[in-house]
Each structure stands twice: as C-alpha cells, then as structure tokens.
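The values are calculated or read from the model by the stated rules, or taken from the named source; none is laboratory data. A quick note: this is a predicted structure, and the numbers were derived from the prediction, not measured. All Cβ positions, even for glycine, are placed from backbone atoms using ideal geometry, and neighbour counts span all protein chains on display. Accessible surface is based on the protein model in full, side chains and every heavy atom, while ligands, DNA and RNA are left aside. Shrake-Rupley method; radii C 1.70, N 1.55, O 1.52, S 1.80 Å.
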Protein chains: 2
Amino acid sequence: MTELEKYIHGYFGVPTDDLAKIVTFFKPVSLKKGEYFLKAGQLSDRLGFVQSGIVREYVEANDKEVTKWISTKGYFVVDLASFVFHQPARWNFQAFTDAELYVIDQKNYQRIGQMVDRWHELEKLFIAKCFTVLEERVLTHLSMTAEERYQQLFAFNKELFNQVPLQYLASMLGMTPETLSRLRKKSF
Amino acid sequence: MTELEKYIHGYFGVPTDDLAKIVTFFKPVSLKKGEYFLKAGQLSDRLGFVQSGIVREYVEANDKEVTKWISTKGYFVVDLASFVFHQPARWNFQAFTDAELYVIDQKNYQRIGQMVDRWHELEKLFIAKCFTVLEERVLTHLSMTAEERYQQLFAFNKELFNQVPLQYLASMLGMTPETLSRLRKKSF
DNA sequence: GCGCGCTCTTGACAAAAATCAAGAAGTCAC
DNA sequence: GTGACTTCTTGATTTTTGTCAAGAGCGCGC
C-alpha cells in the first residue's frame, strides 16, 4: 500500500480494492517554497493531500494575516466550502517549504462517488469527524487561556515548533508572537 | 408543508415526495424548562429539531459550564460525534424554556438512508455546511476582540439577548458575564 | 566576509479582560 | 406582600494579553 492509500484507508475505511482505483485519480504535484496551492477568491476545484512539506492555510482579516491551520504530511488541503459548494475560496493555501502533494480535481473526485459503493456515506463520516475536531477547537477558545492553548498544542505536536516560524503558530493559537514567546519562556 | 418539512427541505433539498416520508419518522417531544434532551456521557441515539423554545448546549470544563451554542426554532440538537460514531456524548442539551422538539431515533434515521436516493450525499452537504460555519467561528476567535464578537452576534440575532440570560451568551462568546455587561453599556 | 531579511526575544507601557465583592432589580412561590 | 432566588450591573483591583520599539541571532546570496 502506498502512503496515500494508507491515509485514505484510515480516514474513509474503503475496501482495499476500491482504494487502488481511487488513488489512480490523484496526481503528484510539487510546490516550491512560497508557492500557492490555492488563493482566496479562486475556485477550489482541486483537493490536495500533503505527502511531504508544510502548507499554511490563512486568510487576510483587518490587514492582518490569520493562520487557520498548518498542514503537514497526512492532511488534506482544500477549501471545503469552495470545493463542495463551488463558491470562491476564502482561504489561501501556501507552501511553507517545498512540498509534495497528491491532487485530484473535481471531475475525477465526482467519479469516485459513482465508482465506490457507499462513498457518500464515507465522505459524510469523514466530514463529521472534521466537524467534531473543530467543535473541540472552538471549545478551547471558550474555556482555555492562551497559555493552556499553547500547552495543548505543544503536547499534541512538539515537532511543529521546530518546523514552523513561531509567529504563525501564535496566530493559529489566537495570540500575538510576543505573547507566545513569553509563554514559551515561562515553560523553560 | 409543515414547518419541519420546510426546514428539512431548506437544509437538505430533498424532493417534496421524499419529504413527507422523512417527516413521518419524527415524533413530537415536549421538554419542560430545565429538562435535558441529552446528558453528557449518555449515547446520543436521537436527533432533535427545535420547533419552539430554547435549548442550551453546554459542557463542564474545569468546574465551569461552558455554553457552546443556544438553539432556537429551526436548529437541530444532536451530539454529532455521539450520534454518528456511537460514542458517549460530550455535550449536555438542556431546555432553557419549555420546548417542543421533533425527534427521530437512530433506527428510523438510518431508514431514511435506505429510502431516499442520494440521502448520504445530502447529509454530506449539510454537514459540510455546518463545518464551514464552525470554521468561521474559529476565525472570530483568532481575529476578533470580545467586543467585536459581541457586536457580530448582536447584529446577527438581537432577539437572543432578550430571550436568554446574558451570562450564557457571554460564555458562548468566550467572555465573562461582567465583560459582556460592560460591552453592552458601552454600546448604549 | 558582509549586508540584508527574517525571526525571535525583551522591555516598557497600554489596553483588554478576569476576578472579587457588593448591591440593585426582577421573578416566583407561598 | 415577603423572602428566596436568580440575574445583572458596577466598582476596585489584578492578571492577562496586546502594542510599540529596539536589538540580537541566524541564514543566505553575493
């Protein structure tokens, strides 16, 4: 099984023989550091899977860039509202480092639905899972301090703090770079 | 068309003849003020639709109750993770006022999938929509001050501020009741 | 090596929000 | 009406976080 197959199997639980068919639709795409997978305002007609490298998802809000998520290996990159509802994308996806993606376009993505039994149900389950993750994230903002949010992310993924400039992690955590810097100092 | 049919049609876009079949599965349930539709820890084996009244969705975190959402007419009440993945519920759903719900249980809900063409796809679209709403909510916490979040909610739904004790709205906005009180005073 | 970005840290200060405490106002049962 | 309860407001204060500014450290191209 390729890596992509493993992840798709893990996320969607499709039978092995369907897997092979699905992954043939994905084409490798390389991004150079700084390149965009998708810019806000465009139509997100492609779904990407991060094979290597780091992709930042951000939006401009009141003259500031707000980083919503940082995707590493194993994450999908897509503006869901745009991909599903064919609206202009709200998020920018920019490669932080050189990155390798596997990418599928709308048309081929829809073919999966015709090809794989129960695909829409599996999709539903996957998106429901994503929804519950976001619910938890909202909860962290309702119930935790900046310090607690930092501690949680650090416990969840130490690696990230070596790979990504801290200012972007600060944004993703909903605090300023200065605050993050001070919190890190406190926790030696 | 009943109200329930209208809402389901609006959310899912099912054909009219399927609608009638779907709504027959929903049974009216009355909740008295203070009663629970679902308690954290239980299995959420029912999906509810609010016909009238107000239902609060909250969780206990560090000795404090955190209100995640307040549902009025037209909202669904369900712990998605529990309903879909059969895990114990994380959220409590309590009636704030006397409330009328239409409720469907797991078993009948699954029958819809067998009965209505493309149902899983419509479900997917609905949940995707919910996901994007949550994305926006996360963004408000990453990019807006407490005051801006209050202003936004107030602009979106003034009514709520007459119907619900402010302390719970404060919690839902991620601030203390005192802070909300002061922000409201500022905006005369 | 040198200069240039970029990133991070630090300090001083300001602003925002939380905490603690008290009391006012409204609602409800009796 | 009275008392108990809940909710909301207000003030005083502390804590947390943001802002502004300066400088240190680092990597990279030339």
- line: Once phi for every residue in the range B:102-117 is put through the Karplus expression 6.51 cos²θ - 1.76 cosθ + 1.60 (θ = phi - 60°), the whole-Hz ³J(HN,Hα) values, with Gly and Pro written as x, are 10, 10, 10, 9, 2, 4, 5, 4, 5, 5, 4, x, 7, 8, 9, 4
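Evaluate E = 1/(1 + (r/R0)^6) for B:Gln87 and B:Glu5, where r is the Cβ-Cβ distance and R0 equals 30 Å; express this FRET efficiency to the nearest 0.05. Before the final figure, lay out each step's value.
On the way: r = 31 Å, r/R0 = 1.02.
Step by step, r from the Cβ atoms, then E = 0.45.
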query: Any idea what angle helix B:146-156 forms with the longest principal axis of chain B, computed on alpha-carbon atoms, 0 to 90 degrees, nearest 10?
result: 50 degrees
field: Using alpha-carbon coordinates, inclination of helix B:3-12 to the longest axis of chain B, degrees
entry: 90 degrees
field: 5 angstrom amide H check on B:Thr97, placed H, neighbours 5+ away
entry: B:Gly34, B:Ile54
- prompt: Using 7 Å Cα-to-Cβ label points, what is the B:Glu121/B:Gln152 separation (nm, one decimal)?
  reply: 3.3 nm
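Top to bottom by accessible area (1.4 Å), largest first, where do B:His9, A:His86, B:His120 land? Provide the component values of the computation, followed by the final result.
Numbers: B:His9 70, A:His86 105, B:His120 50 Å².
Result, largest first: A:His86, B:His9, B:His120.
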- request: Would you mind checking the tilt of helix B:119-143 against the longest principal axis of the Cα atoms of chain B, expressed as 0 to 90 degrees and rounded to 10?
  value: 10 degrees
statement: Here, trypsin sites (Lys or Arg not before Pro) of the range A:37-103 satisfying both criteria (DSSP loop; at most 12 other Cβ within 10 Å) are none
task: Place the label 7 angstrom along Cα→C-beta at B:Lys27 and in each other copy, then list the distances from the first to the rest in nm, shortest first.
output: 5.4
message: Just to be sure I understand the model, the point goes 7 Å from the Cα along the line to the Cβ. What's the resulting A:Thr145 to B:Tyr75 distance in nm?
response: 3.0 nm
task: For the protein assembly as shown, count all C-alpha to C-alpha pairs, find those more than 37 Å apart, and express that count as a whole percent of the total.
output: 25 percent
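Over the range A:3-116, what per residue volume does the convex hull of the Cα atoms give, in whole Å³? Before the final figure, lay out the partial values.
Details: hull volume 10.6 nm³, N = 114.
Per residue, the Cα convex hull of the range A:3-116 comes to 93 Å³.
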message: What distance in nm separates the two pseudo spin-label positions at A:Asn162 and B:Glu178, each 7 Å out from Cα along the beta-carbon direction?
response: 4.4 nm
query: In nm, one decimal, shortest first: how far is the label point of A:Glu65 (7 Å from Cα along Cα to beta carbon) from the matching points in the other copies?
result: 4.3
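Using a 1.4 angstrom probe on the protein heavy atoms only, could you order A:Arg184, A:Arg137, A:Arg111, B:Arg118 from most to least accessible area?
B:Arg118, A:Arg111, A:Arg184, A:Arg137
Output the relative contact order of the range A:3-116, whole-number percent, from Cα pairs under 8 angstrom with separation of 6+ residues. Write out the running numbers ahead of the final one.
Values: 230 pairs, mean separation 41.4, N = 114.
Reported as a whole number, the value is 36 percent.
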field: Label spacing, shortest first and in nm, from A:Ser181 to its equivalents in the remaining copies (7 angstrom along Cα→Cβ)
entry: 3.8
